[in-house]
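These notes concern the structure reproduced below.
The values are calculated or read from the model by the stated rules, or taken from the named source; none is laboratory data. Since this is a predicted model, take the numbers as computed values, not measurements. Note that we place each Cβ from the backbone using ideal geometry, even for glycine, and neighbour counts take in every protein chain shown.
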Amino acid sequence: MTITAERFAQGLTYDAFKAGMSRNRERLEANEARVVIDEETRRAFRSLARPLRVLVLAEDWCGDVIANLPVLGALARESGTLDVRVFYRDQNLDLIDRWLNQGKYRSIPVFVFHDEDFRELGHWIERPAAVTELRARKRAEIFASHPEFGPPDAPVDQLPDHVRAALQAELQRMRDEMTPFANAEVQRELRELVVRVAAR
């Protein structure tokens with residue numbers, strides 16, 4: 001099934017999605033403030049021969065959406081070559097089921113790039129592999145240096161409140177420290193995707 005202009009127009013603009021957020025808006029805006037588009041990425045997107053339409057699947061409760069959607073928003077704003085429309089994943093299962101992560105997971109965000117005739121050119125899902133790998137390594141280090149957190153695969157809700165709060169603070173600090181690297185990796189992967197599809 002091809003995405004039609006009518007279906008695409010039903011999506012929210014980035015700003016409308018943000019305005020409609022019922023949670024995590026402060027975190028999304030904090031992440032927006034930390035996005036710095038590198039010159040190579042800016043040049044690649046600005047030099048596209050034609051604008052691209054980007055269908056996004058997202059929800060405001062998802063940490064990867066909060067982390068990565070602001071990068072796409074900044075790219076759209078700074079390049080002027082992306083028309084971004086956001087669809088809520090849980091209200092558009094027919095869409096998310098077309099772009100499953102590893103063919104089975106409804107991971108978000110999903111960014112699907114189309115040409116002006118809504119031919120799909122490529123898509124991007126969830127987060128860069130390098131970010132997943134670094135996050136897993138740093139998470140293991142946190143648990144190794146804090147035996148009070150217990151084993152990494154134990155249910156967090158069984159920890160005493162003060163221990164759970166300390167663990168959550170450590171994990172948040174780790175994510176904050178990784179933000180520049182993660183944002184750069186998202187840009188690199190999106191840049192490589194659009195450069196590849198623009199050559200078609």
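Given the condition in a helix (DSSP H, G or I) and within 30 Å of ALA198 (Cβ to Cβ), answer yes or no: does some residue in the range 136-150 qualify? No, that holds for no residue.
Residues are listed down the side, and each one gets a yes or a no for (1) closer than 19 Å to ASN183 by Cβ; (2) among the aliphatic types (A, V, I, L, M); (3) surrounded by fewer than 11 Cβ atoms within 10 Å (Cβ to Cβ):
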position	(1), (2), (3)
HIS123	no, no, no
GLU133	yes, no, yes
PHE143	no, no, no
HIS146	no, no, no
PRO155	no, no, yes
LEU167	no, yes, no
GLN172	yes, no, no
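Name the single residue, out of those in the range 1-39 being among the acidic types (Asp, Glu), in a helix (DSSP H, G or I) and under 20 Å from the mean Cα position of the chain (by Cα), that is nearest to HIS114 (Cα to Cα). Steps first, please.
Within the range 1-39, the first condition is being among the acidic types (Asp, Glu), and the residues that meet it are 6, 15, 26, 29, 32, 38-39.
Among the residues that remain, those that are also in a helix (DSSP H, G or I) are: 6, 15, 26, 29, 32, 39.
Subset that is under 20 Å from the mean Cα position of the chain (by Cα): 15, 26, 29, 32.
Numbers: ASP15: 20, GLU26: 30, GLU29: 27, GLU32: 24 Å.
My answer is ASP15.
Which pairs do you get when a residue that is touching a residue at least 60 places away in the same chain (Cβ under 8 Å), found in the range 1-28, comes within reach of a residue that is of a type in the set (D, E, K, R) and surrounded by 14 or more Cβ atoms within 10 Å (Cβ to Cβ), reach meaning Cβ atoms under 7 angstrom, with the pair 6+ apart or on two chains? Pairs found: PHE8/ARG53; PHE8/ARG85; GLY11/ARG85; LEU12/ARG85; THR13/ARG85.
In the range 73-83, is there at least one residue being β-branched (Val, Ile, Thr) and within 16 Å of the chain's Cα centre (by Cα)?
So far as the range 73-83 goes, no, none of its residues is β-branched (Val, Ile, Thr) and within 16 Å of the chain's Cα centre (by Cα).
Scanning the range 104-121 for residues that are in contact with a Phe, Trp or Tyr (Cβ under 8 Å, 6 or more places away or on another chain) and among the aliphatic types (A, V, I, L, M), we see that the one that is surrounded by the fewest Cβ atoms within 10 Å (Cβ to Cβ) is LEU121.
Exactly one residue out of LEU69, LEU55 is modelled with pLDDT of 95 or more, assigned to a helix (DSSP H, G or I) and among the hydrophobic types (A, V, I, L, M, F, W, C), and it is LEU69. Every listed requirement among (1) over 21 Å from ARG23 (Cβ atoms); (2) touching a residue at least 40 places away in the same chain (Cβ under 8 Å); (3) surrounded by 16 or more Cβ atoms within 10 Å (Cβ to Cβ); (4) not small (Gly, Ala, Ser) is met by ILE66 save one, (1).
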